[in-house]
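K.L.:
Mind having a look at this structure? Questions to follow.
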Amino acid sequence: MLQRTSSVANIHIDTIAFSSIFEIGDSCLIQGFSRALAVQREAEYFDAHEGNFAAYPIFSEPIPLLPIDEVITIQTTQLNPIIKVQNIDIIGVSSSSVVHIGNSGNISMEARIKHIRQVYPKNRTSQG
């Protein structure tokens, strides 16, 4: 892991939500995980028994991670290993995201969202 010093004078973040991380300092491992059902309905309706993630294969299917078979050779020289930033302004961090100031060893992030739209057939209205 590269060893650098991070210097940030000011940081402002409006919102951090849904399994997100704001990390200041070095970390060996960051694992983020988020899952959500996003249901959009033409008519307001709530069923207390819905929301079973197991009913949707998208939440249990393995994510294929292809192995890196390439040989990579890197030679770096850091005469001044300092990253200096004056201001960071972030509107929002969401759904298994990371804002990290510092060095990282391993980072693994996963966000799975199932979008569902429930609309009436064309020949039917919400009143009928």
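K.L.:
Looking at (1) among the aromatic types (Phe, Trp, Tyr); (2) without any contact (Cβ under 8 Å) to a residue 12 or more places away in the chain; (3) closer than 23 Å to ILE90 by Cα, which one does PHE18 not meet, given that it meets all the others?
P.N.:
The failed condition is (2).
K.L.:
Additional query: Among the numbered conditions (1) among the acidic types (Asp, Glu); (2) modelled with pLDDT of 90 or more; (3) surrounded by 10 or more Cβ atoms within 10 Å (Cβ to Cβ), tell me where GLU61 comes up short.
P.N.:
All conditions are met except number (3).
K.L.:
Is it the case, given these coordinates, that ILE116 is loosely packed, with under 13 Cβ neighbours inside 10 Å, touching a residue at least 40 places away in the same chain (Cβ under 8 Å), on the phi < 0 side of the Ramachandran plot and under 15 Å from the mean Cα position of the chain (by Cα)?
P.N.:
Against the criterion (loosely packed, with under 13 Cβ neighbours inside 10 Å, touching a residue at least 40 places away in the same chain (Cβ under 8 Å), on the phi < 0 side of the Ramachandran plot and under 15 Å from the mean Cα position of the chain (by Cα)), ILE116 does not qualify.
K.L.:
Before we move on, is ILE88 of a type in the set (A, V, I, L, M, F, W, C), open to solvent by less than 90 Å² (accessible area, probe 1.4 Å), touching a Lys or Arg at 6+ places or on another chain (Cβ under 7 Å) and more than 22 Å from ARG112 (Cβ to Cβ)?
P.N.:
no
K.L.:
What tally of residues in the stretch 11-47 results from selecting those that are open to solvent by less than 80 Å² (accessible area, probe 1.4 Å) and not charged (D, E, K, R)?
P.N.:
So the answer is 19.
The values are calculated or read from the model by the stated rules, or taken from the named source; none is laboratory data. All of these numbers come straight from a predicted model, not from anything done at the bench. Neighbour counts run over all protein chains shown; Cβ positions are idealised from the backbone, glycine included. Side chains included, ligands, DNA and RNA excluded: accessible areas come from the protein's heavy atoms. Shrake-Rupley method; radii C 1.70, N 1.55, O 1.52, S 1.80 Å.
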